[in-house]
Amino acid sequence: MSETVRLGAWVHGQVQGVGFRWWTRSRALELGLVGSARNARDGRVHVIAEGPREGCEKLLGLLRSGTTPGRVELVVEDWGAAQGGLSGFEER
């Protein structure tokens, strides 16, 4: 059984107004993750994902892959224990 974790990722670059949150939601759901992607006032997108560590690592790799909508310049990650209480994957 895989460890369940929480990934927090601050995505910097041109990532608002380009379908980035929708794209992230789609990839997260394909990987069986729950969480959210929300715009921050400073132009970043904050991604929270919970699920198996392997799925979260794959999502992080996709965020850094260069295949996202817009232009990702930097992804700052933070790992922790899953907190629960999430269902689905929301765009905020």
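So what is the 222 nm mean residue ellipticity for the chain from helices alone, if each DSSP H run of at least 4 adds -39500 (n - 2.57) and you divide by all residues, rounding to the nearest 500 deg cm²/dmol? Let's see the in-between values first.
Working: 2 runs with 22 residues, N = 92.
Per the formula, -7000 deg cm²/dmol.
List every residue whose amide H lies under 5 Å from the amide H of GLY13, counting only residues 5 or more places away in sequence or on a different chain, with H placed 1.01 Å from N in the peptide plane.
So GLY13 has HN proximity to GLU73.
Using amide H atoms built 1.01 Å from N in the peptide plane, name the residues 5+ places from PHE89, or on other chains, whose amide H lies under 5 Å from its own.
So PHE89 has HN proximity to GLY35.
List, in order, the whole-Hz ³J(HN,Hα) value for each residue of the stretch 39-53 obtained from phi through the Karplus relation with A = 6.51, B = -1.76, C = 1.60 and θ = phi - 60°; use x for Gly and Pro.
Using θ = phi - 60°, the values come out as 6, 9, 4, 8, x, 7, 10, 9, 10, 10, 9, 10, x, x, 3 Hz.
Explain nothing, just the number: relative contact order of the chain, from Cα pairs under 8 Å at least 6 residues apart, as a whole percent.
Values: 196 pairs, mean separation 42.5, N = 92.
Answer for the chain is 46 percent.
Taking the chain as a Gaussian network, where each spring joins two C-alpha atoms under 10 Å apart, which residue of SER36, SER65, SER26 fluctuates the most?
SER65
Against the globular-protein guess of 2.2 N^0.38 Å, express the Cα radius of gyration of the chain as a ratio, rounded to two decimals. Show your work: numbers first, answer last.
Working: Rg = 11.9 Å, N = 92, 2.2 N^0.38 = 12.3 Å.
Taking the Cα Rg and dividing by 2.2 N^0.38 Å, one obtains 0.97.
Return THR67, THR4 ranked ascending by Cβ neighbour count within 10 Å, so the fewest neighbours appear first.
Numbers: THR67 10, THR4 14.
Lowest to highest Cβ neighbour count: THR67, THR4.
Which one of GLY84, GLN14, LEU33 has its Cα pushed farthest toward the positive end of the charge dipole of the chain, where Lys and Arg give +1 and Asp and Glu give -1 at the Cβ?
In the chain, that residue is GLN14.
Shape of the stretch 34-79 from its Cα gyration tensor (a ≥ b ≥ c, root eigenvalues): rounded if a/c is under 1.5, otherwise prolate when a/b > b/c, or oblate? Please list the in-between numbers first.
Working: a/c = 2.04, a/b = 1.30, b/c = 1.57.
Oblate.
None of the figures in this text is laboratory data; all of them are computed from the coordinates on show. Model, not experiment: these values are computed from the prediction. As a convention, Cβ positions derive from the backbone with ideal geometry for all residues, glycine included, and neighbour counts pool all protein chains shown.
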